[in-house]
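See below for the structure under consideration.
The values are calculated or read from the model by the stated rules, or taken from the named source; none is laboratory data. Fair warning: this is a prediction, and the values are worked out from it, not measured in the lab. Don't worry about glycine lacking a Cβ; one is built from the backbone with ideal geometry, like all the others, and counts go over all protein chains shown. Accessible surface is based on the protein model in full, side chains and every heavy atom, while ligands, DNA and RNA are left aside. Shrake-Rupley method; radii C 1.70, N 1.55, O 1.52, S 1.80 Å.
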Amino acid sequence: MFGKFKCLLGISLTLISLNSLAAELSLTLKEFLKNVSENNLSIKSEQATLEASQAKSIGINLPPPMLALSQMRDARGSANNLEISQTIPFPSKLSNDHSARKFEAKAQTASFSAFKSEILANARQIYVFTWLNQERVKFLRERKDIIQQHLKLSRASARSDSFLKIHVLKAESDLDLLDNEILETEQMTRENQIRLAEFSRKDPATYLPTLLEPPLSPIPTLSEISNPMQLETKRLGVESLKARETEAKASWFPDINLRYREAGGGTVQMEKYNEVMIGITLPFVYFWEPHAASKSASAERYKGEVEFSKEQLRIDSRKATLLSKVESLKKEILQINEKLLPRAEKRMHLIRNIAPRDMESLQDHRDSMEAFPVLKLKALELRVQFEAAIAELASFTSTEVSP
């Protein structure tokens, strides 16, 4: 009696541990995206780039002052000298350099938002693809069971009919091909699981989550994709180039040099004295240098404007294409789920009660039984296309994609 109790206790503990393991391995889309947002190394690297850019935008870029100490010594004694000098660029150079760095930091902020949106959109797509492959394996096995049941009926009727024997051979070949398709899909699922581990910084050798069905992704509204961060990055980059152009045009103006010098006083013959000097640079003497800098900055600004217009046209065209595509795919998915699948299921239940007697009825039996899982596979294929288009649209959102 005690032995039976220990056995039952062991079985109960095993079931509890298996249930706990299953609970730990199950993963929702929201949980996965949260892991990616917090742990993805590419996002962390881009965050460091953003912080570096923001640090560079602080303050004005004044050349550091120079402090010089010298000592003069001869037979009569020695004297110590002190000199402090500072170069001050023309004020518009300083202001435009600071403005350019501020725009560069803002552009990097927009670039980070766009990058994070793209990472999360890709992560969402991979999650959905992995779940779809898991479902595909189920439907393929369902179809395999149907073919196996059909083979039993066919073999019973094919003993004396050569055409029915050919039908059986074809069904057997289809079954073998289906086994290969199941193996291929399982391998694709495993590869996707490894990609999930890479995105969320998990150990790919032990990361084997069972993904829960994600909701059908909503189609973004026009307002959500009206001003994507990719385009904002380009626009702010152009503003930075405009500031650099204005700064380059100011290279014709002189910089100011300030110098204070204190020397002498060490001997009777050398009295102590102070010297103050104000000087300016003469950049127009070598006129070709500021001219070249100005022309180069103007060319860079023009190139930035062209790249901005080019990117705007590309994104607008791509958004229009994707919006049309997702609307069409959603209609197809609803058509299959709401009309075709219920009819196929009804037909499958009806055909089960009819015993096939000849070649035609056997073929009808197989077609009717297979139609249901085949349509479910077709719905999955449409879902793949739909989610891929939605993921690309999500990368064009005006703000970060929230987990």
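Okay, residues lined up against (1) modelled with pLDDT of 90 or more; (2) under 23 Å from Ala389 (Cβ atoms); (3) out of contact with any helix residue (DSSP H, G or I) (no Cβ under 7 Å at 6 or more places or on another chain); (4) open to solvent by less than 40 Å² (accessible area, probe 1.4 Å):
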position	(1), (2), (3), (4)
Ser240	yes, no, no, yes
Glu245	yes, no, no, yes
Lys272	no, no, yes, no
Val285	no, no, yes, no
Gly304	yes, no, no, yes
Leu313	yes, yes, yes, no
Just one listed residue, out of Ser70, Ser85, is surrounded by fewer than 17 Cβ atoms within 10 Å (Cβ to Cβ), of a type in the set (Ser, Thr, Tyr), assigned to a strand (DSSP E or B) and modelled with pLDDT under 85, and it is Ser70
Within region 247-267, restricting to residues that are at pLDDT below 90 and polar (S, T, N, Q), the one that is farthest from Ile60 (Cα to Cα) is Thr267
Of the candidates Ser251, Ser240, Ser226, the one satisfying the condition of being of a type in the set (Gly, Ala, Ser) and either more than 30 Å from Ala293 (Cβ to Cβ) or assigned to a loop (DSSP other than H, G, I, E, B) (or both) is Ser226
*Report yes if Ser53 is open to solvent by 30 Å² or more (accessible area, probe 1.4 Å), out of contact with any strand residue (DSSP E or B) (no Cβ under 6 Å at 6 or more places or on another chain) and part of a helix (DSSP H, G or I), otherwise no.*
no
Quick one: is Arg73 without any contact (Cβ under 8 Å) to a residue 24 or more places away in the chain, among the charged types (D, E, K, R) and either within 30 Å of Glu271 (Cα to Cα) or touching a helix residue (DSSP H, G or I) at 6+ places or on another chain (Cβ under 8 Å) (or both)? yes
**Phe308 being out of contact with any strand residue (DSSP E or B) (no Cβ under 8 Å at 6 or more places or on another chain), at pLDDT 90 or above, surrounded by 17 or more Cβ atoms within 10 Å (Cβ to Cβ) and closer than 25 Å to Leu140 by Cβ** = no
Screening Ser99, Ser78, Ser92 for residues that are hydroxyl-bearing (Ser, Thr, Tyr) and at pLDDT 90 or above leaves only Ser99
Residue pairs within 9 Å by beta carbon, gap of at least six or interchain, first lying in region 171-198 and β-branched (Val, Ile, Thr), second assigned to a helix (DSSP H, G or I) and surrounded by fewer than 16 Cβ atoms within 10 Å (Cβ to Cβ), listed first then second, are Ile182/Arg141
The one condition Gly279 fails out of (1) surrounded by fewer than 16 Cβ atoms within 10 Å (Cβ to Cβ); (2) of a type in the set (Gly, Ala, Ser); (3) within 30 Å of Ala68 (Cβ to Cβ); (4) in contact (Cβ under 8 Å) with a residue 40 or more places away in the chain is (4)
Cβ pairs under 6 Å, 6+ apart or interchain, first in region 45-60 and closer than 23 Å to Thr87 by Cα, second among the charged types (D, E, K, R), ordered by first then second residue, are Lys56/Arg101; Ser57/Arg101; Ser57/Lys102
Q. Would a scan of region 178-192 turn up a residue that is part of a strand (DSSP E or B), closer than 30 Å to Asn35 by Cβ and open to solvent by 20 Å² or more (accessible area, probe 1.4 Å)?
A. no
Of those in region 89-120 that are surrounded by 18 or more Cβ atoms within 10 Å (Cβ to Cβ) and hydroxyl-bearing (Ser, Thr, Tyr), the residue farthest from Ser251 (Cα to Cα) is Ser117
Q: Could you tell me whether region 374-389 includes any residue that is open to solvent by less than 70 Å² (accessible area, probe 1.4 Å), acidic (Asp, Glu), at pLDDT 80 or above and assigned to a helix (DSSP H, G or I)?
A: yes
